[in-house]
């Protein structure tokens, strides 16, 4: 180990304090939750959300139709609802990502 | 190896090891899937116990790995759920480690990928779904159901909005399980198909698919880790929704 500059130690103390504050949820540190969600992960979440909404709507509608003999009305209706639900989830997710990114930029 | 074993889907076949076991009409045979789950759990236990056995203040390489994992999940939980999320750390950490190890161990040649079966990912997702719903109801009582009524929407839209919200809540276990399972299956099938080309092309051109598989293997490693991360972060987000509502 090489001998360190005392200034490095000061910096280390500051870093340590910041980390402690963050963990205990007080001070500036707690508010500055950096957006470390990778964008690839966001992409994976969005793509599947759209597909599954439609599929679940179709499946649920089909089941209800089978039970009640109302083919094909519930299937069509719920498919659209599922589609909308999927789009809603994607919009909500992208709003969330946008908000966090804006917050990161301001900090 | 039999001819049908060359199908790119053969790697996902469940085979009982050491004969089938039936208890009360249920097939509870110890399969290759169970074996790899046991291996994953054993590997995690060994990794964490052996890594932290010294408990040095200045960690060595292995101990830093363990602490890094801990820190990663604990930061994820704090950023996404907040202080109330601490109570769920053991659950979320186990979940993350199990999926991560199952995914990465599945990439070993000849290994069985536990997470490539929707019954496994679906069981985990359903467990999370039920748990999160119970947490929400216990914490907020009947007030929890206001979660399905979006704030700020006009009253006449409610008959439309509430079913949409309920569906988008109810599809959570599906999106959670399908994402993980589909990524694993797609990746492994792709590796098997392109690996199969190497045999078909022979000595002269066979190295090309091998180079491609090598590159894709890196991608698969990324996906294996990324999907564990996505699964865990979504668990955190669902917990956040249940604890804070909106």
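Just so it is clear, none of the values below were taken in a lab; they were calculated from the coordinates. Computed from a predicted model, the values in this text were never measured in an experiment. Reconstructed Cβ throughout: ideal geometry from the backbone, glycine too, with neighbour counts over all protein chains shown.
Could you order the peptides B:233-241, B:28-36 from most to least packed, using the average number of other C-beta atoms within 10 Å per residue?
Put in order of decreasing packing, that is B:233-241, B:28-36.
How far is helix B:207-244 tilted off the main Cα axis of chain B, in degrees rounded to 10, range 0 to 90?
Around 20 degrees separate the two axes.
What does the helix-only formula give at 222 nm for chain B: each DSSP H stretch with n ≥ 4 adding -39500 (n - 2.57), the total divided by the residues, and the result rounded to the nearest 500 deg cm²/dmol?
On the way: 7 runs with 165 residues, N = 246.
Calculated mean residue ellipticity at 222 nm is -23500 deg cm²/dmol.
Please state the relative contact order of chain B as a whole percent: Cα pairs under 8 Å, 6+ residues apart?
Rounded, it is 24 percent for chain B.
Per residue of A:55-64, what is the mean number of Cβ atoms on other protein chains within 10 angstrom of that residue's Cβ?
For peptide A:55-64, the averaged partner shielding equals 2.
Sequence gap at least 6, Cα distance under 8 Å: using those rules, report the relative contact order of the range A:36-106 to the nearest whole percent.
Normalised by residue count, the contact order of the range A:36-106 is 33 percent.
Distance between Cα centroids, the range B:183-201 to the range B:34-66: provide it in whole Å.
What the calculation gives is 32 Å, centre to centre.
Using a Förster distance of 25 Å, how high is the FRET efficiency between residue A:18 and residue B:86, based on the Cβ-Cβ distance and rounded to 0.05?
With R0 = 25 Å, the Cβ-Cβ based efficiency is 0.80.
When ranked by the protection proxy of mean other Cβ atoms within 10 Å per residue, highest first, what sequence do the peptides B:208-220, B:140-152 form?
B:208-220, B:140-152
Taking each residue in B:229-237, count the Cβ atoms of any other chain within 10 Å of its Cβ, then average. What number comes out?
Mean shielding count: 3.
Taking the highest mean first, how do the peptides B:154-163, B:221-230 order by number of other beta carbon atoms within 10 angstrom per residue?
So the peptides B:154-163, B:221-230, ranked by packing, come out B:221-230, B:154-163.
Normalised by the residues of the range B:182-229, what does the relative contact order come to in percent, with Cα pairs under 8 Å and at least six apart? Kindly include the intermediate steps, with their values, before the conclusion.
Details: 24 pairs, mean separation 18.2, N = 48.
Computed value for the range B:182-229: 38 percent relative contact order.
What is the average number of partner chain Cβ atoms found within 10 Å of a Cβ in B:77-89?
Average per residue, whole number: 2.
Taking chain B as the reference, fit the longest principal axis to its C-alpha atoms, fit the long axis of helix B:61-80 to the helix C-alpha atoms, and give the angle between the two in degrees, 0 to 90, nearest 10.
Tilt of helix B:61-80: around 40 degrees.
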